[in-house]
Amino acid sequence: MQPFISLLAPQRDTSSPLYLQIANSLVSAIRSGHLLPGSKLPGTRELAKQLKVHRKTVIAAYNELYAQSWTEVLPQKGTRVARNLPEIKAKTWSKEPDSSFEGTITVPFYKMPPPSPFTPMHPVITPHLILDEGIADNRLAPLDLLFREYRSRLKHSYTNRTVQGALAAGSPLLRESLVPYFGETRGLSIQPSNILITQGAQMSIYLAASLLIRPGDYVLVAEPNYFLANKVFEQLGAKLLKIPADDQGIDLQAAEICCKKHRISMMYVIPHHHHPTTVTLSPERRMQLLELSAKYNFAILEDDYDYDFHYSSTPYLPLAGSKHNGRIIYLGSFSKLLSTSVRAGFMIAHKDFIDQVLRLRVLIDLRSDHLLGDSLAALINNGDLARYVKKANKIYHHRRDKLCELMDQQLKGAVNYKKPDGGMAVWVKFNPEYPLKDISVRASAKGLYLSNGEIYNTEQTSYNAVRIGFASLNTKEMEEAVQILKQAIFG
Ligand SMILES: Cc1ncc(COP(=O)(O)O)c(C=O)c1O
């Protein structure tokens with residue numbers, strides 16, 4: 001046996017095909033000098049015998065090496081390592097030692113404001129369990145079906161033939177599929193030209209706000225609010241007018257007082273399960289909001305990120321489905337519905353607005369992943385998505401109740417909360433004698449990540465509250481997480 005053969009040993013229990021493992025090991029042997037340029041490789045029959053694999057596997061490995069120019073094939077003589085190896089080594093052009101990205105930056109650049117005026121979140125190194133702020137369970141989402149669709153499209157010739165510009169607004173197939181889908185699920189009457197596919201709802205917020213806000217403009221938001229939406233508006237130079245909210249949602253009388261004082265450009269609302277408080281905007285407030293927007297002519301950015309998950313009641317149709325003369329920009333996300341890793345969101349607005357947003361979007365992202373878009377369209381059209389939404393609603397409903405039950409049993413006296421109608425998280429307020437900041441550090445030491453809630457605090461208010469996501473944990477994980485939390489609270 002030639003000495004390098006002991007380095008090849010392919011593993012049968014990994015997902016990597018055997019032929020690639022053999023090819024990669026041969027490349028490593030060449031790189032490390034165990035196999036020298038010009039040296040002869042064993043015949044395929046012989047190597048197959050030594051490695052105890054099928055000869056076709058070795059032929060495939062040799063073909064792979066040849067395709068990558070690591071080998072040469074000589075007629076009658078077999079395969080040998082190429083004399084000119086295909087490694088590209090860049091030439092040095094400076095006598096300076098390798099420079100790095102260390103040291104002080106001397107050019108001026110804009111510094112982003114810190115994430116919170118308060119202490120930064122403590123670092124957590126690979127926690128054993130995570131109490132997130134409300135994300136879907138990857139294990140339930142039909143990601144295997146989605147990526148099977150994706151895979152089947154990889155080699156499809158139309159991938160290369162689609163005119164690039166036509167993809168700037170997102171996959172045409174997805175935009176077409178969303179027309180009947182949003183008609184059925186949300187009562188929206190739209191055309192593909194009203195839809196823009198983005199990399200998630202966050203990108204939709206940023207793009208829409210960029211066209212609605214100029215520095216110095218007034219923007220109405222609920223207090224507390226989804227912190228990253230506030231950051232976007234502030235980054236664009238907006239002055240935020242923070243409106244209190246109760247269990248019916250944002251206080252529109254307080255909003256009207258602001259409208260009388262200032263010219264308002266935009267109001268940001270999360271009508272279902274407001275982030276962070278999970279309150280749903282009541283039908284009366286929805287009517288008042290539409291009237292206010294018409295009276296003072298401001299835009300409404302309707303973030304319906306959590307629309308699909310409802311347990312105690314059915315959802316309300318979006319504000320965007322009512323008559324609004326193009327004042328409403330509606331947005332949502334597949335990232336919330338399926339998995340945070342599936343980066344696909346949507347914006348629905350008047351065609352003229354979408355046309356303008358498109359011009360901005362191509363400056364930061366030429367187009368969204370249209371293969372992903374086409375794959376999502378397939379799941380919508382064959383009913384897989386609707387089936388998943390039904391299944392997830394049933395499971396998340398159970399998980400919401402389980403989390404509430406566990407908190408009632410184990411965290412009694414330390415927390416209070418209102419069971420949300422839907423969504424993926426509960427807004428949990430800790431009693432003042434139990435500072436979340438300390439609890440989060442103690443939980444972290446026990447392997448549980450829990451946000452310290454600082455991101456919601458303002459200079460005036462410390463909420464001592466956090467969103468606790470229930471969707472991503474199964475019963476066993478949730479029981480363990482609450483048990484650790486209990487120890488972190490009561491010691
Ligand atoms: C209210 C709200 N809107 C938008 C987003 C952004 O979602 P995406 O992951 O789709 O960008 C989030 C994410 O947490 C959110 O909570």
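Structure values in brief
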item: Modelled FRET efficiency - R0 25 Å, F147 with E184, Cβ distances, 0.05 increments; result: 0.50
item: Cα Rg over Rh - region 3-81, Kirkwood; result: 0.93
item: Region 143-382, relative contact order [Cα under 8 Å, separation at least 6], %; result: 29 percent
item: Residues of region 272-298 with amide N under 14 Å of the 7 Å Cα→Cβ point at D246; result: 282, 284-285
item: Within the chain, helix-based [θ] at 222 nm, where runs of 4 or more DSSP H residues each add -39,500 (n - 2.57), nearest 500; result: -12500 deg cm²/dmol
item: At most 15 other Cβ within 10 Å, DSSP loop - GluC sites (Glu not before Pro), region 420-491; result: E433, E459
item: Sequence-distant residues sharing a close amide H with I130 (under 5 Å, placed H); result: Y449
item: Estimated distance in nm for a label pair at K239 and L7, the labels positioned 7 Å out from Cα along Cα-to-Cβ; result: 6.9 nm
item: Translational diffusion of the chain, µm² s⁻¹ [Kirkwood Rh, Cα pairs; Stokes-Einstein; 25 °C; 0.890 mPa s]; result: 93 µm²/s
item: Cβ-placed point charges (K, R +1; D, E -1), dipole of the chain about Cα centre in debye, nearest 20; result: 1760 debye
item: Greater than 18 Å apart at Cα, pairs in K336/K394; K231/K418; K239/K260; K231/K429; result: K231/K418; K231/K429
item: At R0 = 56 Å, FRET efficiency that the Cβ-Cβ distance of K418 and K155 yields, to 0.05; result: 0.65
item: Charge context of A136, other residues only, Cβ under 13 angstrom, K/R +1, D/E -1; result: -1
item: Segments 188-200, 33-45, 286-298 sorted - mean Cβ within 10 Å per residue, highest first; result: 188-200, 286-298, 33-45
item: Q76-I59 pseudo-label distance in nm [points 7 Å out on the Cα-to-Cβ vector]; result: 2.2 nm
item: Mean Cβ count within 10 Å, highest first, over the residues of peptides 386-398, 438-450; result: 438-450, 386-398
item: Sites E87 and K40, calculated FRET efficiency, Cβ-Cβ separation with R0 35 Å, nearest 0.05; result: 0.95
item: Taking the chain and dividing mean pair separation by its residue count, relative contact order in percent (alpha carbons under 8 Å, at least six apart); result: 18 percent
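Each value in this text was obtained by applying a stated rule to the coordinates, not by laboratory testing. From a predicted model like this one, the values you see are computed outputs, not experimental measurements. Glycine also receives a Cβ, built like all others from the backbone with ideal geometry; neighbour counts cover every protein chain displayed.
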